[in-house]
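Reviewing the structure listed below.
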Amino acid sequence: KEDLIIPRAKLLQFLSPEIVEEQFKDKNFRPGEVINSVTKERLPIEFIPVIYFVHWIRFNARKTGDPGYDANFAAGDVIWMSNDPLDERVQREGAFGQNGEPPIATKFMNFLSYFPGVEMPIVVSFSKMSYKTGRQLVSLAQYANTDLFARKYKLGVKQESNDMGNYFVLQVSTTGNAPQDEYEKAEQMWDQFHAKKDIQVHDEHPTDEGMEKAPF
């Protein structure tokens, strides 16, 4: 498990590689679909969150004049990542500045999840434009007053727009208690991963979840 990189539920945007690159043409993907980032298979719409964790990634800015641009890295490259809220880089670049300057590092709210019918674990991540939805999921789970993996949720998608164009964001809603067999599958996943201190998530990128169109 220490060497595993966990696939994530990738929300396809208009400029996602799976949409614009010729190699994926036979998949007939459409913007707004959610796929397994590793296998490129479409994911079911229902999932069971198993473990909640957060991490931060500092992506290089897209343009030389943008805040946080580092000439030592290509546009959009990962400069650093951390899962430690006390990390000096997280403290310095992951929070708003004294004068309201937006953070240049992105915070991800992550849920290692079981998608019924999918054997491998999948991470559902929320950041920037979908961050409010991540907080909603945390709240729904907290108010349920039971194991995180005792409840089942529907993963929805909504199209939004701003002055930079159109993009998609994730939404969630509860569908009730997880059936016993699915609860047991999720519990097994919890047993396998809850002690793992650093869950490696596959291939986040600024074009995902509308991050490059985010207001901060």
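A few notes on this one:
- Qualifying positions in the range 100-135 - in a helix (DSSP H, G or I), under 23 Å from ASP66 (Cβ atoms) and open to solvent by 30 Å² or more (accessible area, probe 1.4 Å): LYS128, MET129, TYR131
- Test: residue in the range 32-53 that is aromatic (Phe, Trp, Tyr), touching a strand residue (DSSP E or B) at 6+ places or on another chain (Cβ under 9 Å) and over 22 Å from VAL123 (Cβ atoms): no
- The lone exception for GLU160 - which of (1) crowded, with 16+ Cβ neighbours inside 10 Å; (2) among the charged types (D, E, K, R); (3) at pLDDT below 95 it fails: (1)
- Scanning the range 55-90 for residues that are polar (S, T, N, Q) and either within 24 Å of VAL124 (Cα to Cα) or in contact (Cβ under 8 Å) with a residue 40 or more places away in the chain (or both) returns ASN60, SER82, ASN83.
- Residue identified as under 30 Å from GLU88 (Cβ atoms) and at pLDDT 95 or above among VAL118, VAL138, VAL172, VAL123: VAL123
- Residues of the range 143-157 that turn out to be in contact with an Asp or Glu (Cβ under 7 Å, 6 or more places away or on another chain) and open to solvent by 80 Å² or more (accessible area, probe 1.4 Å), as a count: 1
- Matching residues in the range 163-190 - criterion: being part of a strand (DSSP E or B) and either of a type outside the set (Phe, Trp, Tyr) or open to solvent by 80 Å² or more (accessible area, probe 1.4 Å) (or both): GLY165, ASN166, VAL169, LEU170, GLN171, VAL172, SER173, THR174, THR175, GLY176, ASN177
- Unique match (being in contact with a Gly (Cβ under 6 Å, 6 or more places away or on another chain) and closer than 16 Å to PRO44 by Cα) among VAL172, VAL157: VAL157
- So SER113, is it closer than 20 Å to GLY76 by Cα and not β-branched (Val, Ile, Thr): no
Quick grid of which residues meet (1) within 18 Å of the chain's Cα centre (by Cα); (2) farther than 20 Å from LYS196 by Cβ:
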residue: ALA71; (1), (2): no, yes
residue: ALA74; (1), (2): no, yes
residue: VAL78; (1), (2): yes, yes
residue: GLU93; (1), (2): no, yes
residue: VAL123; (1), (2): yes, no
residue: GLN136; (1), (2): yes, yes
residue: SER139; (1), (2): yes, yes
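- Of the strands (runs of 3 or more DSSP E) entirely within the range 1-99, those holding at least 1 residues that are buried (at least 17 other Cβ atoms within 10 Å of the Cβ) and small (Gly, Ala, Ser) occupy 9-11, 78-82.
- THR146 fulfils the conditions (1) within 24 Å of ARG30 (Cβ to Cβ); (2) of a type in the set (Val, Ile, Thr); (3) free of Cβ contacts under 8 Å to residues at least 24 places away in the same chain except for a single criterion, (1).
The values are calculated or read from the model by the stated rules, or taken from the named source; none is laboratory data. Everything quoted here is computed from the prediction, not taken from an experiment. Backbone-built Cβ (ideal geometry, glycine too); neighbour counts: all protein chains shown. The accessibility values were calculated without ligands, DNA or RNA, using every heavy atom of the protein model including side chains. Shrake-Rupley method; radii C 1.70, N 1.55, O 1.52, S 1.80 Å.
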